[in-house]
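Student: The structure is given below, and queries will be raised subsequently.
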Amino acid sequence: MKSAQDPRHKKRIATVKQLFSSTFQKDNLSTDTLKVLAVSDKIDDQIQASAPQWPISKINKIDLAILRLAIYELNQKKTPEKVVIDEAVEIAKRYGAESTPGFVNGVLGAIVNSKKYEE
């Protein structure tokens, strides 16, 4: 069973926080954050394809950070899809707005269902 004390969960939260803060300042970023940012253009294309009604510039920055990390993990194919989505939704519940969990779940579900993440 998943725990808030799980080191993988803590690492994801730390990475989401850094991805969010990188929107404003690009200093002292971890290796994990830099890896996600290195492919953020490809990830943003995947988000745009799965949520065409939401331009990247209009998505809340915390929602975008959560989605970027989750899609990066999907592309890595090291963690089961359901785990990635569940973790992203849990982080969205904690840090996002009221509508964030549903939005994150919808975008990730669309990506997984259409296999729009890297093959």
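Student: Can you give me the number of residues within segment 55-75 that are open to solvent by less than 30 Å² (accessible area, probe 1.4 Å) and more than 19 Å from residue 93 (Cβ to Cβ)?
Tutor: 2
Student: Show the residue pairs meeting these rules: Cβ distance below 7 Å; 6+ apart or different chains; first residue within segment 9-27 and over 15 Å from residue 63 (Cβ atoms); second residue among the hydrophobic types (A, V, I, L, M, F, W, C) and outside any helix (DSSP H, G or I).
Tutor: Within 7 Å, the pairs are 18/29.
Student: Can I ask one more? State yes or no: is residue 78 touching a Pro at 6+ places or on another chain (Cβ under 9 Å) and either more than 24 Å from residue 4 (Cα to Cα) or surrounded by fewer than 17 Cβ atoms within 10 Å (Cβ to Cβ) (or both)?
Tutor: Judged against the criteria, residue 78 is not a match.
Student: With of a type outside the set (S, T, N, Q) and modelled with pLDDT of 95 or more as the only criterion, which of 72, 117 stands out?
Tutor: Going through 72, 117 in turn, the sole match is 72.
Student: Okay, moving on. With the structure loaded, tell me whether residue 95 is surrounded by fewer than 18 Cβ atoms within 10 Å (Cβ to Cβ) and closer than 16 Å to residue 20 by Cα or whether it fails that test.
Tutor: yes
Student: Report yes if residue 25 is over 13 Å from the mean Cα position of the chain (by Cα) and over 23 Å from residue 114 (Cα atoms), otherwise no.
Tutor: yes
Student: While we're here: Consider only pairs whose beta carbons are under 8 Å apart and that are at least six residues apart or on different chains; among these, list those whose first residue lies in segment 36-51 and is more than 17 Å from residue 23 (Cα to Cα) and whose second residue is of a type in the set (Lys, Arg) and open to solvent by 40 Å² or more (accessible area, probe 1.4 Å).
Tutor: 46/116; 49/116; 50/116
Student: If you don't mind, there's one more thing I want to ask. All but one of (1) surrounded by fewer than 16 Cβ atoms within 10 Å (Cβ to Cβ); (2) among the small types (Gly, Ala, Ser); (3) at pLDDT 95 or above hold for residue 40; which doesn't?
Tutor: (1)
Student: Further question on the same structure: Can you confirm whether residue 35 is of a type in the set (D, E, K, R), under 17 Å from residue 12 (Cα atoms), open to solvent by 20 Å² or more (accessible area, probe 1.4 Å) and outside any helix (DSSP H, G or I)?
Tutor: Here the answer is no, as residue 35 does not meet what is asked.
The values are calculated or read from the model by the stated rules, or taken from the named source; none is laboratory data. No experiment lies behind these values; they were computed from the predicted model shown. Positions of Cβ are generated from backbone atoms using ideal geometry, with glycine treated the same way; all protein chains shown enter the neighbour counts. The accessibility values were calculated without ligands, DNA or RNA, using every heavy atom of the protein model including side chains. Shrake-Rupley method; radii C 1.70, N 1.55, O 1.52, S 1.80 Å.
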